[in-house]
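To start, the structure itself, in C-alpha cells.
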Amino acid sequence: MWIKFLACATPLFLILGSCQDEQEGYVVKKETIVESVYSSVVIEPDELYRVNALNSGYIDELLVEIGDSVFPNDVLFAVRDVQSSSTASNARLSLDIARSNYNGDVNLVNDLKIELNDALLKMRTDSINHYKNKELHRKGLMNDSEFSQSEVMYSSSKTRYSLLKNRLTRTNSDLRTALNQAQNNYVSSLSRSNDALVRNRLSGIVYDLFKETGEFVSVQEPVMIIGSSERFIVKMRIDEVDVTKVVLGQEIVISLEAYKNQVFKGIVSHISPKLDAQTQTFEVEGFFKEAPPKLFMGLSGEGNIVINKLDNVVVIPLEYLIDNKYVLTANGKKRVQTGVKSLSHIEIVSGLKSGTRILKEE
C-alpha cells in the first residue's frame, strides 16, 4: 500500500510543479508612467450659436442652406410678423392725426389763437372805455353804478384773455407732446418691423437648419445653428471624482475615430465651475496644439488629460496588484506601497525591486 501511494504521489507532484511553472508572471522593471484622466471627446466649433427670430411670425424668406459660408451682418432669414405690420400701420395713422392736430390747416391751436385775438381786442376796447368812464366818474358825469359796471367788464375781459392765453400755451405743449409720442411710437414700430430681418453675427458656416420658408417660428425656437468653420475645440465630460485633478494648461492626448492610429495633442483651456446634475460630470474644453487637417462638428473620440508623468520608476501592470496593496511572488504575497496609476499600470513606491518576478493571482 505505501509503495503504491508513493508511485501515485510522484506524478501528482510533477503535475503541481508543472502548473506552477506555467503560472503567468511578469518581471518588474523601471519605466515611464503617465497618470491621466480619461473621457470621451466631441469636436465642436470654437464659436457656435443658435439663431432665433426676434419676433414671432412666418418665415418669409430663408436665404441660406446647410453648409453655406456666412459673414457678420449677412441677412439669414426674414420673418413676416402680421402683428408688427398692423402695429406700424396704426402708429402711422396716429402720427398723421397728431401732426394734423399740431400744425394742420384746421386745428385746436388755430382756433384758440382766433379766440385769443378776439379776447385781446375786447380787452383793449374795454380798457379804453374804462379809463374814459373813470374820467367821467371823476368829473361827476357818470354815476357809481355805471362806473362799477364798466370796471367789471374790463376786469372780466382781462381775465378771459389771461385764461385763453394760458390755455393756448398748455394746448400747444400738449399737442407737441402728443406729436413727439406718436413719432416715437411710429419709429419703434418700424424698428420692430425691421427686426423681422435676422442678421448673422460671426464668420463661419451654417451647420444645421430647423425651419423652412413658410413655417411659423416663435422667438423661443432656434431656426439654425451657425459656428466657426476654422477654429474647433475639444469637449470632454469629467467625472466629479477626477475633476479636482484637472487644471488649465494640462496636456490632452486625443484620438479620433475619423483619424485611426493617429494621436493629437491639446491643451485644457476651460473648466466648467458647475456640475451637470443630469450626468454628474463637469464640462472641460481644450484646443488643439496642432489640429488635424480637416475637422467637422460632432467628430468623436477619446481623450486623456495628463495629470502626472514619472520617468524611471518601478511599474507593474494593474492586473498583478492584489487588493490594491499586495503582489504575489514565488515566496508568497508581499505588501507594497503604490503611487501614480495609469489606465493599465501602477507605480510601486516601495516593497518591490526592479527585476523581481511576480505572479498573477488565479
Separation in nanometres of the label points that stand 7 Å from Cα toward Cβ, at Asp239 and Asp111: 8.4 nm
For region 293-299, 3J(HN,Hα) per residue [Karplus equation, 6.51 cos²θ - 1.76 cosθ + 1.60, θ = phi - 60°, Hz, x = Gly/Pro]: x, 8, 10, 9, 5, x, 4
Members of Lys260/Lys333; Lys245/Lys289; Lys211/Lys235; Lys29/Lys235; Lys309/Lys333; Lys235/Lys353 lying beyond 31 Å, as alpha-carbon distances in this model show: Lys260/Lys333; Lys29/Lys235; Lys235/Lys353
Likely footprinting exposure, Val349, Val234, Val42, Val27, fewest C-beta neighbours within 10 Å first: Val27, Val349, Val42, Val234
Projected label distance in nm at Leu136 and Arg80, using a 7 Å step from Cα toward the beta-carbon: 8.0 nm
Footprinting exposure proxy for Val198, Val246 (fewest neighbouring C-beta atoms within 10 Å first): Val246, Val198
Relative contact order computed over region 175-286 (Cα-Cα under 8 Å; 6+ residues apart), in percent: 20 percent
Hz values of 3J(HN,Hα) by residue in region 305-319 - Karplus curve (6.51, -1.76, 1.60), Gly and Pro given as x: 8, 6, 8, 8, 9, 10, 9, 6, 10, 6, 9, 10, x, 4, 5
Derived scalar couplings ³J(HN,Hα) [region 247-264; Karplus, 6.51 cos²θ - 1.76 cosθ + 1.60; whole Hz; x for Gly, Pro]: 9, 4, x, 5, 7, 10, 9, 10, 10, 10, 4, 6, 10, 4, 6, 10, 10, 10
Two-site FRET efficiency, Ala291 against Leu163, from Cβ-Cβ distance with R₀ of 56 Å, rounded to 0.05: 0.10
Gain in span if fully extended, Ser100 to Leu63, counting 0.36 nm per residue against the direct Cα distance: 9.2 nm
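We did not get these values from a lab; they are worked out from the coordinates using the rules stated. Quick caveat: nothing in here was measured; it's all calculated off a predicted structure. Note that each Cβ is placed from the backbone with ideal geometry, even for glycine, and that neighbours are counted across all protein chains shown.
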